[in-house]
Structures are given as C-alpha cells and as structure tokens.
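Please read the structure below before turning to the comments.
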Amino acid sequence: MNSPLNKILTEYQKKRDTAFKDYLLRREQVYKKIPRIREIDEEISSIGIEKINEAFRLPEKCDLILDELKKRLESLKKEKYTIMKTHGLPQDYLTVQYECKDCQDTGYVNGTMCHCLKQALIENLYDLSHLRNILQYENFENFDLSLYSDLPFGDYPKSPRKNMENIYLDCIRFVNNFSNVKESLFFYGNSGLGKTFLSHCIAKDLIERGYTVIYQTVPNLVEMLRKAAFGEASEEAELINGCDLLIMDDLGTEPATAYSEQVIFNIINSRLLSEKKMLISTNFNLEEVVNTYPERICSRIFGNFRLYAFYGEDIRLKKVKVI
Ligand SMILES: [Zn+2]
C-alpha cells in the first residue's frame with residue numbers, strides 16, 4: 001500500500017479535494033455578491049429534469065421540448081458569462097480548477113497513465129537518488145577540462161585532457177542528436193574522473209529537452225526490479241523499461257548474485273530490443289567487466305555501446321587543492 005504510486009495517488013486525491021473546496025468557496029462568494037448567478041445556476045440544474053419529465057408526458061412534442069431546453073440553457077449560460085464578464089471574472093472562474101486539465105488530477109486518461117503521473121513517478125525516483133539537487137549545479141557549462149593533465153599518462157596515446165575533450169564533445173553530440181543516435185554509452189575507469197559528472201550533464205540536458213530520463217545506481221535498479229517482480233513497484237519497472245534514456249550508474253557495485261546478473265541482462269536486452277538507449281558507467285576496467293559478467297551481457301555491451309575510457313589523476317583531489 002505504501003508504494004510510490006499509492007503515495008502519489010493519495011496526493012492527487014488531496015489536490016482534487018482542495019480544488020473542489022476552492023471551487024465551492026469561490027462559488028459561495030460569487031453567489032453572495034451576485035445573487036442572479038445563483039438563480040441561473042439553480043435554474044440550469046433543475047430545468048433539465050423538468051423538461052425531460054415534460055417530454056415523457058408529451059412524447060409527440062419531444063423534439064420541440066428538447067429544442068426549447070437547449071435554447072434556454074444556452075441563453076442562461078450566455079447571461080451568466082455576460083454578468084461574470086462585467087464583474088471582471090474569467091469564464092472558467094466557476095469551475096473546478098485542476099492542476100492537470102488532461103486527467104483532472106486523477107492521473108489517468110481512458111485507463112492509461114497521464115503524462116503528469118509519469119512525470120511525478122520519475123521525480124519520485126529522482127528524489128530517491130537526490131539527483132534533483134545535484135542537477136542544479138552540474139551541467140555542461142560547468143565542465144572544467146583544465147582539471148585534467150595535458151601530459152602523457154601511462155601507455156595511453158592521448159593525454160587525459162585530450163581524451164576528456166573528445167568524450168565531452170561526444171556527450172554533447174549525443175544529446176544534440178539524441179533522437180537519431182543508435183548507440184548507447186559505456187563509461188569505464190577509476191572513480192574521480194568525471195563519469196558521474198558527465199552522466200548528470202547528459203541527464204539534465206535531455207530532461208530540459210523534454211525527454212524522460214531515469215538515473216539510478218545498478219544496486220538500486222536491481223532492488224526496484226526485485227520489488228516489481230513481487231508485485232510491488234510495477235510502475236517503476238514500466239518506467240525503467242520505457243524511459244527515453246536509462247542511466248545505470250556504478251555497474252559492479254550490485255550484490256554479485258545470479259539474480260542481479262539476470263536483472264542486468266533483462267534490462268539491457270529488453271532496452272536494446274526496443275531500441276532504447278542507455279548510459280552505463282562502471283569503475284571496472286574492461287578486463288574486470290569481462291571477468292565479472294557472462295558472455296551474453298558482455299557481447300551486448302561491446303556490440304551496442306560506444307566505450308569511453310576515463311583515465312588520469314583523480315580530479316576531485318585537484319578541486320580540493322584549488323579551493
Ligand atoms: Zn494529468
């Protein structure tokens with residue numbers, strides 16, 4: 001009963017109750033100030049029944065009576081709106097004001113989830129990972145290439161700075177061409193090199209462009225889907241499979257069980273089959289990925305993701321020195 005969906009739907013019920021109370025209050029104030037509006041409303045609500053009874057009594061005059069009813073209703077509404085206008089009230093002032101006009105704050109339209117409810121569920125997922133706050137500060141404009149060394153590093157052909165510049169530009173290309181891009185992204189390398197930062201930048205940018213993005217650590221995703229398998233949180237499972245970009249952070253930190261492995265395979269495989277993109281990041285190097293995950297997972301990653309190696313010195317230490 002305490003699933004995120006239930007909590008949100010309880011909030012929706014409260015919103016509807018408040019909207020209805022506000023409407024009654026507005027109506028009462030208007031009735032007090034303009035008694036003619038009350039008379040009109042009362043006539044509107046009683047005239048229908050009167051006329052329909054009349055039509056039953058005189059079936060031969062049914063069309064005429066209904067026509068009269070229609071005309072009378074139109075003239076009453078016209079009078080009401082004219083009076084309201086002269087008092088400076090908008091036409092919808094005496095209706096219930098819902099936050100979402102599409103579903104009238106019920107969360108559903110013809111039995112399917114309304115866009116506002118989907119967004120509320122996604123925001124609920126964000127709150128769990130505290131992404132909302134982070135997104136305020138981390139974005140492409142704040143990315144600082146000068147934190148990366150421009151000296152050669154190990155056996156790598158490019159300096160860490162040059163390498164990061166390429167990754168950064170590819171990330172920008174990825175968001176700019178998001179609808180057309182086919183490949184998913186795979187960030188690997190030691191922590192403290194900007195993988196999470198760039199993932200946040202991508203998430204923020206795509207959300208601002210109106211895409212649905214879910215950002216979760218792999219352990220959280222495994223846990224959510226475990227709950228979904230037992231009948232709880234099935235809406236989250238639907239969002240995980242259906243969002244435009246799924247960001248799976250920290251691959252390799254989930255419990256090393258056959259169940260986790262199955263869940264990770266299912267997510268990757270079903271999203272690839274429905275041509276939906278992912279961004280996976282891991283602190284593993286490629287050898288560790290191959291040694292940890294079975295061939296069916298590795299082959300999907302190596303065959304469908306663009307791989308980006310993050311290397312160099314931990315930039316978080318440099319940031320501390322600068323401060
Ligand atoms: Zn809605």
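In the structure shown, the pairs K227/K277; K162/K204; K7/K227; K7/K195; K15/K70; K32/K77 are assessed against 22 Å; a Cα-Cα span above that value is assigned to K227/K277; K162/K204; K7/K195; K15/K70.
Scanning residues 5 or more positions from V109 or on other chains, those with amide H under 5 Å from its amide H are C114, with H placed 1.01 Å from N in the peptide plane.
Shown is the FRET efficiency for K162 and Y211, computed with R0 = 41 Å from the Cβ-Cβ distance and rounded to the nearest 0.05: 0.85. Computed from backbone phi with θ = phi - 60° and the Karplus coefficients 6.51, -1.76 and 1.60, the 3J(HN,Hα) list for segment 103-111 is 10, 6, 6, 9, x, 9, 10, 6, x Hz; x is used for glycine and proline.
Summary value for the chain: 19 percent relative contact order, contacts being C-alpha pairs under 8 angstrom separated by 6+ residues. Which is the longest stretch in the chain that no exposed loop site breaks, taking sites as GluC sites (Glu not before Pro) with a DSSP loop state and at most 13 other Cβ atoms within 10 Å? The answer is 1-98. Only helices enter this figure: runs of n ≥ 4 DSSP H residues, each worth -39500 (n - 2.57), summed and divided by the residues of the chain, yield -19500 deg cm²/dmol at 222 nm to the nearest 500.
Checking every one of the trypsin sites (Lys or Arg not before Pro) in segment 1-101 against DSSP loop status and a limit of 11 other Cβ atoms within 10 Å picks out K101.
Around the Cα centre of segment 184-323, unit charges on the Cβ atoms of Lys, Arg, Asp and Glu (plus for the first two, minus for the last two) sum to a dipole of about 460 debye. When the charge dipole of segment 1-143 is built from unit charges on Cβ atoms (+1 for Lys and Arg, -1 for Asp and Glu) and taken about the Cα centre, the candidate among T112, I44, I34 whose Cα reaches farthest toward its positive end is I34. Determine the dipole magnitude for segment 14-74: charges of +1 sit on the beta-carbon of Lys and Arg, -1 on that of Asp and Glu, nothing else is charged, the reference point is the Cα centre, and the result goes in debye to the nearest 20. My answer is approximately 560 debye. Computed over segment 4-109, the range of Cα coordinates on each principal axis works out to 57, 34, 19 Å, biggest value leading. Which residue, chosen from I264, Y311, V175, occupies the Cα position most advanced towards the positive end of the dipole of the chain, where the dipole is computed from +1 (Lys, Arg) and -1 (Asp, Glu) charges on Cβ about the Cα centre? Most positive-ward Cα: V175. On the basis of the beta-carbon distance and an R0 of 51 Å, K85 and T10 show a calculated FRET efficiency of 0.85.
Magnitude of the charge dipole for the chain, about its Cα centre and with charges confined to Cβ atoms of Lys, Arg (+1) and Asp, Glu (-1), is about 860 debye.
Projecting the Cα atoms of H87, Y23, L64 onto the charge dipole of segment 4-109 (Cβ charges, centred on the Cα centre) puts H87 farthest toward the positive pole. Set the Cα radius of gyration of the chain against 2.2 N^0.38 Å, with N its number of residues, and you get 1.47.
Each value in this text was obtained by applying a stated rule to the coordinates, not by laboratory testing. What you are looking at is a predicted structure, and each value in this text was computed from that prediction instead of being measured. Glycine also receives a Cβ, built like all others from the backbone with ideal geometry; neighbour counts cover every protein chain displayed.
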